[in-house]
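These notes are about the structure you will find just below.
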Amino acid sequence: MLPHILESAKLFYPELALTIAFCFVILAGLVTRNRIFTGLAGMAGVLAALYFVSVQAPVDGTAFSDMLAVDGFSRFFKIVILAATFIVQLFSLQSAELKSRAMGTAEYNALLTALALGMCLMAGASNMLMMYLALELTSITSYLLAGYTREAEDSAEAALKYVIYGAVASGMMLYGISIVYGLTGALDIYSVNQALGSGQVNLWTLILAGILITVGFGYKISAVPFHFWTPDVYEGAPVTITALLSVASKAAGFAMMIRFFRVTFADLIMGGQETGAWAMLGGFEWNEVLAVLAVLSMTLGNLVALWQNNLKRLLAYSSIAHAGYMLLGVVTMSPEGVSAVMIYFVVYLFMNLGAFYVVMLVADKTGSEEMSAYAGLGQRSPFIGVAMTIFLLSLTGIPPTAGFVGKLYIFSALIGAKMIGLVVIGALNSVVSLYYYVRILKNMFLKDAAPGGAVFGLSVPEVAMLLLLLVPTLLLGLYFGPLVEYAQASVSIFGIPR
Amino acid sequence: MTLIDVIFWFFAAVTLGSAAVVVFSRNIIYSAFALLFTFFGVAGFYVLLGADFIAITQLLIYVGGILVLLVFGVMLTNKVVSVDIKSGTLNAGVAMVVVSLTAGTIAGIFYATEWKTAPAEMLQPTTAGELGTMMMTSYLLPFEVASVVLLVALIGAAMVSRRDRSKQEAA
């Protein structure tokens, strides 16, 4: 057993780096109150983890007695998660909102690394016990970070709502897991798959358990109808945390969900169908459940976003809609669909973090997240105006921005799977989303600034940060070959014959 | 009906009865005390299932630790905070229909299900030793991750509840 654990530890370096950084930042917080120092220490941990992920040998395997799968799929998602965390850590160094709280900055930075650890574990978990633990680590850390600026009333409210919804969702997921365990006597998804494949399992009980587990996933990726917490939490939490939740925590949820459905319910012995789609185990088409969730998420997210005047709320509903688009990729149940989701996440990382960064800059300088604060922004600060325009066009999916590439691959995977109806719904939804994104643009360029709306310049780090997010958003729209190739090479999930 | 069956129904009655008191009592202190019996009943199930170590842990940690803390918390905050803690019910009618439908569906499905069971002869006389070995071997990772989860929760609890001293001095 010991040699196996030592062997496993070698595959576990990224998570180990995060754990060490977490403990180090906590201890450093006892000595120093310097928020820059603890922030940099946390960033060093995340960078180290990124390094270890990128140098990992491109082989598939599992670690710690099948608890964690270490494969191309988990490596890809870990890179997305860690990159998002790193960018948010950079935001946090600049955020004026966070400076308002004098104490607990070390805790803030430590919890960010713990959150990254939880999300990396979610991306790799291949045992339902491990999935639940990773989900809880991510959730508990997110509750705390959402309520970090607790002097602000809506931050405390956001944290409390998040706790209540999260507790219910993870309780239901745990109930579902316990039912699956009762049916199969196994917790790791490979043995569960084998037990299900033997055909001795009551279908209705399995459907009940699967739906309960889907509640947990749906809550994490904020898909309708499990989205109720999203607008309130996104509005109340500090902007940095909102940005991280909208990208990284969604990516972790998607990674865990895809792995769960791909391994547990797929017919691994029969392999794929002619179209390249996965064959599902007897009797129940899980992708139909996911298709319903996807359509609901897109439609409701986009329609409700039309009425929002608070930018954080608007982006919250937009992120629900984007979860819907990405779910479409999962619905195809094909390698093309999964790699499309992966491409979408890289694109989404830059454009969504970019939009949230602009919201943070404007909120720091004007003290408001309302639509009215953006009136005349194009004249007052042309660079921010142009940057926001590009991020919003990219979120809509208009070429030549990166968002177009993301949607293109999702829709072409759907066409490959002959799901034309879903393509039509997705395209119609993109048109609806154009309306509310353009509303912001109209405010920025066609409306005159309110009297007293000061002209504000940007400091050098702020310009650099904007460029860091802006350049990939444009570049990936024009030159996306390497990203696509890397994503398509990374769809290998351990235990799945390709 | 064997002796085991009698004991099972006894514990089931204790657990469900006291759980009902927890939910329906209007006095939150009664609820907290009733929870004591719920936890006790669950510990009884663990014993019946041959999980001796978990049964003892349940008694020590839930009944002996967490619940005492909870009762203290309820009794102290009840007096300090002048606002009454609400423990009433809203929309009782709708909730009743939804809950009974859900419960009926789940009960029906469970009744029809063939659960995977192990023969009773496989029961070990004691489970503590094997549990310890498994925690250090095949379940090492969850065991360690659980410690990180607890550390995060501890730090978070301190972070949320601690007074911001700099703000007070300024005031």
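Structure summary
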| quantity | calculated |
| --- | --- |
| Spin-label model distance (nm) - A:Y486 vs B:A107, 7 Å beyond Cα toward Cβ | 5.6 |
| Mean Cβ count within 10 Å, highest first, over the residues of peptides A:50-56, B:89-95, A:336-342 | A:336-342, A:50-56, B:89-95 |
| Relative contact order [Cα under 8 Å, 6+ residues apart], chain A, whole percent | 15 |
| Paramagnetic reach from A:H4 (point 7 Å along Cα→Cβ, amide N under 20 Å) across region A:181-221 | A:185-195 |
| 17 Å reach of a label modelled at B:L123, 7 Å along Cα-to-Cβ, counting backbone N of region B:36-70 | B:42-56 |
| Theoretical gain in end-to-end length, A:Y479 to A:A279 [0.36 nm per residue, Cα-Cα removed] | 68.6 nm |
| From phi via Karplus (6.51, -1.76, 1.60), per-residue ³J(HN,Hα) for region A:14-21 in Hz, x at Gly/Pro | x, 5, 4, 4, 5, 4, 5, 4 |
| Residue mean of other protein chain beta carbons inside 10 Å, A:105-113 | 2 |
| B:V47-B:F72 pseudo-label distance in nm [points 7 Å out on the Cα-to-Cβ vector] | 2.7 |
| Number of partner chain Cβ atoms within 10 Å, mean per residue of B:132-143 | 5 |
| Overall form of region A:369-498 per C-alpha gyration tensor (a/c, 1.5; a/b vs b/c) | oblate |
| Percent accessible area from carbon and sulfur atoms, region A:43-102, protein chains only, probe 1.4 Å | 69 |
| Expected 222 nm ellipticity per residue - DSSP helices of 4 or more, -39500 (n - 2.57), all of chain A, to 500 | -24500 deg cm²/dmol |
| Cα-based Kirkwood hydrodynamic radius, region B:3-138, one decimal, Å | 18.1 |
| Carbon + sulfur, % of accessible area of chain B - ligands and nucleic acids excluded, 1.4 Å | 74 |
| Region B:102-155: GluC sites (Glu not before Pro) in DSSP loop, at most 12 other beta carbons within 10 Å | B:E114 |
| Approximate spin-label separation B:T137-B:A13, in nm, with each point projected 7 Å along Cα-to-Cβ | 4.3 |
| Placed amide H near A:L68: partners under 5 Å, 5+ positions off or other chain | A:A63, A:S126 |
| Of A:K78/A:K99; A:K161/A:K220; A:K78/A:K250; A:K220/A:K418; A:K250/A:K312; A:K99/A:K312, pairs whose Cα-Cα distance is over 18 Å | A:K78/A:K99; A:K220/A:K418; A:K99/A:K312 |
| Counted charge near A:M131, where neighbours are those whose Cβ lies closer than 14 Å (Asp, Glu -1; Lys, Arg +1) | 0 |
| Average beta carbon contacts from partner chains per residue of A:127-140, 10 Å cutoff | 3 |
| Between B and A, accessible area buried - total, square angstrom, nearest 100, 1.4 angstrom probe | 3300 |
| Peptides ranked, highest mean first, by Cβ atoms within 10 Å: ranges A:114-127, A:314-327 | A:114-127, A:314-327 |
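The values are calculated or read from the model by the stated rules, or taken from the named source; none is laboratory data. Given the structure is predicted, the values throughout are model-derived calculations rather than measurements. All Cβ positions, even for glycine, are placed from backbone atoms using ideal geometry, and neighbour counts span all protein chains on display. Protein only, heavy atoms only, side chains kept; ligands, DNA and RNA dropped before computing areas. Shrake-Rupley method; radii C 1.70, N 1.55, O 1.52, S 1.80 Å.
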